[in-house]
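The values are calculated or read from the model by the stated rules, or taken from the named source; none is laboratory data. Quantities reported herein were computed from a predicted structural model and do not represent experimental measurements. Note that each Cβ is placed from the backbone with ideal geometry, even for glycine, and that neighbours are counted across all protein chains shown. Calculation scope for accessible area: heavy atoms of the full protein, side chains included, ligands and nucleic acids excluded. Shrake-Rupley method; radii C 1.70, N 1.55, O 1.52, S 1.80 Å.
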Amino acid sequence: MAKKLTESQIAAYEHDGYICPVDAFSTQQATEWRSQLESFERAEGQKMTRGHNFKPHLLFPWVDEIVHSPEVLDAVEDLIGPDIRLFHLTVWPKDAHSGAYVSWHQDATYFALDPICHVTAWVALTDAPVEAGCMEVVPGSHKLGQLRHAEMQDPENLLSRGQALAVDVDRTKTAFMPVKAGQFSLHHTHLVHNSRPNKSNDRRIGLGISYIPTHARCTAANRVTAMLVRGRDNYGHFDEERRPEANAGPEERAFHARAVATFRDMNASLNRKSA
Ligand SMILES: O=C(O)CCC(=O)C(=O)O
């Protein structure tokens, strides 16, 4: 029996490759998390955007709370089973009236996971309506398997590698995934999606949390870290991650820096392989 999602939501995920929206946290709670993120940005003099937006669950107890929350994990368990690791996490900020966007892509492109059964929970720290550049998807495209991508250099593209779909997919029928602060959406790793610039008067911020079942492994040569967030791991495909105790303390920063570097090395090795 499912823990959070309804039978029709699970059927929609299988058919369309996404579910949106799912209620999880109060607006007040999401706003409190947003202000924690923004006070860190102010203190550092650096926004958590491209180049600085990976794996904050290793830095902040408040992100650790989100990634372990039953509100999110119960839904993820309904899709991928009870033994779950957090493989990656990206903060996706778009300032009001900025040109930042995300090109059409599939998440699986640089993850090298086998089997390919990863799901992303996009947790909204602010409202993300269509006007603010919420995600836009091609329903059913998760059934197309892995498609070819090219890399493009555009500083406005929030994707770390600037990856963009290099084959034609019918984009005449897309669907938007608007969410309110405190809600989340779920999408399949092969779902073709993008997001447009934020034309609203407020910043748009979400956490893209990539969850995998513990039996999945990363096929790249480099061993990477991933956090066991629920259940058991009888496989040992990943190095365990340290849970943060203080807000960006010295130990948190050191572990975070190593884990991000390891992840980037893995990513770059995929580049070399395909070059
Ligand atoms: O936040 C966005 O606009 C894009 C997010 C995304 O591509 C993802 O979570 O996979």
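Per residue, how large is the accessible surface of the chain? Use a 1.4 angstrom probe and give square angstrom.
Details: 11990 Å² over 275 residues.
On a per-residue basis, 44 Å².
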*Of HIS105, HIS97, HIS88, which has the largest mean-square fluctuation in a 10 Å C-alpha GNM of the chain?*
HIS97
*Relative to the Cα centre, what is the charge dipole magnitude of region 7-274, using +1 at the beta carbon of each Lys and Arg, -1 at the beta carbon of each Asp and Glu, and rounding to the nearest 20 debye?*
820 debye
_Per-residue HN-Hα couplings for region 86-91 [Karplus 6.51, -1.76, 1.60; θ = phi - 60°; Hz; x = Gly/Pro]_ = 8, 8, 7, 8, 10, 8
_region 12-54, Cα convex hull volume normalised per residue, Å³_ = 98 Å³
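What is the dipole size for region 101-241, taken about its Cα centre, with +1 at each Lys and Arg Cβ and -1 at each Asp and Glu Cβ, in debye to the nearest 20?
Details: 14 positive and 15 negative charges, 51 e Å.
Taking the Cα centre of region 101-241 as origin, the dipole is about 240 debye.
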_Out of the total accessible area of the chain (probe 1.4 Å, heavy atoms of protein only), what percent is carbon and sulfur?_
50 percent
*Is any helix in the chain, taking whole DSSP H runs, at least 30 angstrom long along its axis by alpha carbon and on average at least -1.0 on the Kyte-Doolittle scale, and which ones?*
250-274
*asked:* With just the Cα atoms defining each centre, how far is region 120-193 from region 218-257? Give it in Å.
replied: 26 Å
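Dipole size in debye (nearest 20) for region 1-78 around its Cα centre, Lys and Arg Cβ +1, Asp and Glu Cβ -1?
420 debye
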*If you take the charge dipole of the chain about its Cα centre, with +1 on Lys and Arg Cβ and -1 on Asp and Glu Cβ, which of GLN163, PHE176, PRO82 is farthest toward its positive end?*
GLN163
*Rounded, prolate or oblate: pick one for region 7-274, where a ≥ b ≥ c are the square roots of the eigenvalues of its C-alpha gyration tensor, a/c under 1.5 means rounded, and failing that, prolate if a/b is larger than b/c, else oblate.*
rounded
